[in-house]
Amino acid sequence: MASVVDLAPPPRVGPTPSYRKIRAASRGLEILFAALLVFFIALMFVSLWILLFYQGTRIAIGPRGGLISFDGRLPQDFIPFRNWRLDQKLAYVPVVIVRAIPSLVLFWCLRQLFRLYGQGVVFAARNAALIKAMGVCLIADAVAPFACHVVLSATGYEIDKMWAHQRAVQELVLGAVVFVIAMVMQAGREIEEDREGFV
C-alpha cells in the first residue's frame, strides 16, 4: 500500500480577531508617535531659539535647573538667557541637541514599529531590531544628562547642576529590560525559522 505525501502549502487562514485588533490599534499608535516625533523636533528648535535669541526675563537657568517666571521676577542665582555670553550659549547648543536626539530616535522607532504592526508584520527581524534600538535610546537618554554634566563641568560652562534624577535610573533599567526582551524575540524568531527550514 503506497503512502501519499501532500507537499502543497497549507491554505492561508484569515486573520484572527486579536490579529485584527492589533492592526487597528497599531495604526492609531503610529499616528500618535508620528505626532510626538514632530512635537519633540519642534520643541528642540524652540529650545535652541530660546537659548540663542530670547530676550525676555521669564525663562532662566540656575544651579537648581530651569525656571519659568510668570511675573518676570527671578531668584538672584538664576540667569535669564539674554544675559548669557555668546560662548555660554554656543556651549549649550550641543547639549540641547544631545539631550533631544535619544527621544527623537525613540519616537521614530516607535512609529516604525507600529507601522509594521499595522501592516501585519509582528514577529519579523525588523521588529526585534527596532525594539533593540528603543532600548538603546532609553539608555542613552538616561546617560545623556551625566555625560553633558561631565563635559560642561570640565569646560567651566555648567550652570544647571541638577543633572541627577531618579528618572534616569528608572530609564536606564527600563532600557536594559527592553533591549533584552528584543534579544529574546530575536532568538525566538531564529528558532522558529530553524523549525520551518527543518525537513
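The values are calculated or read from the model by the stated rules, or taken from the named source; none is laboratory data. None of these values were measured; they are calculated from a predicted model. Note that each Cβ is placed from the backbone with ideal geometry, even for glycine, and that neighbours are counted across all protein chains shown.
Brief remarks on what is shown
- Count - residues of the range 84-129 that are in a helix (DSSP H, G or I), loosely packed, with under 13 Cβ neighbours inside 10 Å and over 21 Å from the mean Cα position of the chain (by Cα): 2
- Note on the range 46-82: residues that are without any contact (Cβ under 8 Å) to a residue 24 or more places away in the chain and either surrounded by fewer than 12 Cβ atoms within 10 Å (Cβ to Cβ) or of a type outside the set (Phe, Trp, Tyr) (or both) total 17.
- Residue within the range 95-106 that is of a type in the set (A, V, I, L, M, F, W, C) and either in contact (Cβ under 8 Å) with a residue 60 or more places away in the chain or in contact with a strand residue (DSSP E or B) (Cβ under 6 Å, 6 or more places away or on another chain) (or both) present: yes
- Residue satisfying all of: in the range 7-30; touching a Lys or Arg at 6+ places or on another chain (Cβ under 9 Å) and either among the charged types (D, E, K, R) or modelled with pLDDT of 95 or more (or both); nearest to Pro102 (Cα to Cα) among these: Glu30
- Of residues in the range 150-191 being aromatic (Phe, Trp, Tyr) and closer than 27 Å to Gln76 by Cβ, the one farthest from the chain's Cα centre (by Cα): Tyr157
- Of all residues in the range 57-79 being basic (Lys, Arg) and under 19 Å from Ser47 (Cβ atoms), the one that is modelled with the highest pLDDT: Arg58
- The range 154-199, subset buried (at least 16 other Cβ atoms within 10 Å of the Cβ) and touching a strand residue (DSSP E or B) at 6+ places or on another chain (Cβ under 6 Å), residue modelled with the lowest pLDDT: Asp160
- Residue match in the range 156-174 (condition: within 30 Å of Arg64 (Cβ to Cβ), of a type in the set (Ser, Thr, Tyr) and not in a loop (DSSP other than H, G, I, E, B)): no
- Yes/no for Arg73 being charged (D, E, K, R) and over 25 Å from Gln166 (Cα atoms): yes
- Filtered by the rule that a residue be in contact (Cβ under 8 Å) with a residue 40 or more places away in the chain and among the hydrophobic types (A, V, I, L, M, F, W, C), the range 152-175 gives Leu152, Ile159, Met162.
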